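Peer 1: Below is one structure. I have some questions about it.
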Amino acid sequence: MTAPHLAARPLDPAKFRDPALTAKGEVRASVALSALRTLWVNTGTLCNITCRNCYIESSPRNDALAYLSAAELEGYLDEIARDEWPVEEIGFTGGEPFLNRELPAMLGAVLGRGFRALVLTNAMKPMRNHAAALLALREAHGERLTLRVSLDHHDPLLHDLERQEGSFAQAVEGLAWLAREGFRLHVAGRAGFGDADEAAMRAGFARLFAAHGIPVDAADPVALMLFPEMDARVDVPEITTACWSILKKSPDSLMCASARMVVKRRGAVRPAVLACTLLPYDPQFELGATLAEAARPVPLNHPHCAKFCVLGGAACSR
């Protein structure tokens, strides 16, 4: 059994070259920031494992995005308060966020200011190393803290083919610990992974959750998010301004209409604000150093914009 990969024609090299126009000369769609509801924080790209299909190429050696500090995050929290940005949730992603030793302090700062906090984790050893701090945060802030655990598939063989041998058992152990301790839980899987349709995937996850006493509703698309595959080498249509009416979709439904992400590049003096979580390395999606500078519209000039967000209908937050 092998991990599935998209069997499709390669991306047309003429596409996604001009932020204003498509390869056919049509006006490219862009998305304005309608209201900043979610601020994502990349805590660093280092991870305890190396996954075969990681879009951000996290690994034990990739520190292209350095550890963000609690003090640097506080600067953005101050900006939110000063300029009255309507932020409701702060999301933490990586890499594996729990490798950043300042994550508990960052969570404390976020929750202490009344925001919801969401942490994306593989629930393995780095998370368990912070068990005492997590329990204290749960005790103080309850359901305003959500842990979203990555499980690519409910089948251990398929999950381990993507991540590494033994990772499924460790992730489920961590997920079960979170459930026993009363944390608010979500799970993230991959849509279409393992030749299964969405109904079969959700049914398989439901059986897994029931077997381990994990209180996640597999039928809930937020509690169990199934993300579409991301492969920038595969051909995908470019999104024009006409697509909104053709697809009956509003630009306000895309992540970049309501979210931004803070990163700290290796060697950089200060953090930067990006358009979204999916495009950490493409310089055209680095919008500035502050939230105010990053409030400008985002041209949908990348395959991920089309496949993941517009056509796939996915979003990293709730």
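Peer 1: Quick one: if the Förster radius is 30 Å, what FRET efficiency do Trp177 and Leu157 give, using the C-beta to C-beta distance and rounding to 0.05? Could the numbers behind the result be given before it?
Peer 2: Values: r = 23 Å, r/R0 = 0.76.
Efficiency for this residue pair is about 0.85.
Peer 1: Still on this structure, I have one more. From the list (1) 6, 26, 35, 25, 7, 0; (2) 6, 23, 24, 17, 12, 9, 5, 3, 0; (3) 6, 26, 31, 20, 10, 4, 2, 1, 0, can you say which value of P(r) over Cα pairs in 10 Å bins from 0, in percent was derived from the structure given?
Peer 2: (1)
Peer 1: For the residues Cys309, Cys54, what sequence is obtained by ranking on other C-beta atoms within 10 Å, fewest first?
Peer 2: Neighbour counts put them in this order, fewest first: Cys54, Cys309.
Peer 1: Tell me, in nm to one decimal, what length is gained between Glu72 and Asp235 on full extension, where the rule is 0.36 nm per residue of separation less the Cα-Cα distance?
Peer 2: On the way: separation 163, 0.36 × 163 = 58.68 nm, distance 3.83 nm.
Gain in length upon complete extension: 54.9 nm.
Peer 1: What order do you get for 244-250, 25-31, 145-151, 15-21 when each peptide is scored by the mean count of other beta carbon atoms within 10 Å, highest first? Walk me through the numbers on the way to the answer.
Peer 2: Numbers: 244-250: 11.3, 25-31: 17.0, 145-151: 22.7, 15-21: 14.9.
Ranking, from highest mean packing down: 145-151, 25-31, 15-21, 244-250.
Peer 1: R0 = 25 Å: FRET efficiency of Ala133 with Ala81, Cβ-based, nearest 0.05?
Peer 2: The pair Ala133/Ala81 has a calculated efficiency of 0.55.
Peer 1: Using θ = phi - 60° and the Karplus curve 6.51 cos²θ - 1.76 cosθ + 1.60, what whole-Hz ³J(HN,Hα) does each residue of segment 44-52 get, with Gly and Pro shown as x?
Peer 2: x, 8, 5, 9, 7, 9, 10, 9, 5
Peer 1: Next question, about the same structure. Grab the DSSP H runs of the chain that are 4 residues or longer, score each as -39,500 (n - 2.57), total them, divide by all residues and round the 222 nm result to the nearest 500 deg cm²/dmol. Don't skip to the answer; put the middle values down first.
Peer 2: On the way: 8 runs with 80 residues, N = 318.
Calculated mean residue ellipticity at 222 nm is -7500 deg cm²/dmol.
Peer 1: Hey, another quick one. Could you tell me which of rounded, prolate or oblate describes segment 146-245, using a ≥ b ≥ c as the square roots of the eigenvalues of the alpha-carbon gyration tensor, with rounded for a/c under 1.5 and, failing that, prolate when a/b is larger than b/c and oblate otherwise?
Peer 2: Here segment 146-245 falls in the prolate category.
Peer 1: Under 1.5 on a/c is rounded, so check that first for segment 51-110, then, if it is not, pick prolate when a/b is larger than b/c and oblate when it is not; a ≥ b ≥ c are the square roots of the alpha carbon gyration tensor eigenvalues.
Peer 2: On the way: a/c = 2.59, a/b = 1.98, b/c = 1.31.
Here segment 51-110 falls in the prolate category.
Peer 1: Name the shape class, rounded, prolate or oblate, that the alpha-carbon gyration tensor gives for segment 202-318, where a ≥ b ≥ c are the square roots of its eigenvalues, rounded holds for a/c under 1.5, and otherwise prolate holds if a/b is larger than b/c and oblate otherwise. Please report the intermediate quantities before stating the final value.
Peer 2: Numbers: a/c = 2.16, a/b = 1.40, b/c = 1.54.
Judged from the Cα gyration tensor, segment 202-318 comes out oblate (a/c at least 1.5, b/c at or above a/b).
Peer 1: Also, I was wondering about something else. Between Leu21 and Trp244, what FRET efficiency follows from the Cβ-Cβ distance if R0 is 22 Å, with the result rounded to 0.05?
Peer 2: According to the calculation, E is roughly 0.85.
Peer 1: Which length gain, in nm to one decimal place, applies between Gln284 and Asp220 when the Cα-Cα distance is subtracted from 0.36 nm times their residue separation?
Peer 2: Full-extension gain reported as 19.6 nm.
Peer 1: Also, I was wondering about something else. Checking the cross-link filter: which lysines have an alpha carbon closer than 27 Å to that of Lys249, excluding same-chain neighbours under 8 positions apart?
Peer 2: Those lysines meeting the cut-off are Lys15, Lys24, Lys307.
Peer 1: I would also like to ask the following. Among Val269, Val234, Val87, which comes first, then next, by fewest other beta-carbon atoms within 10 Å? Could you put the intermediate results ahead of the total?
Peer 2: On the way: Val269 7, Val234 16, Val87 24.
Ordered from fewest to most neighbouring Cβ atoms within 10 Å, Val269, Val234, Val87 come out as Val269, Val234, Val87.
Where a number appears in this text, it was derived from the coordinates with a stated rule and is not lab data. Since the structure is predicted, the reported quantities are computational estimates derived from the model, not experimental observations. Every residue, glycine among them, receives a Cβ derived from its backbone with ideal geometry; neighbour counts consider all protein chains shown.
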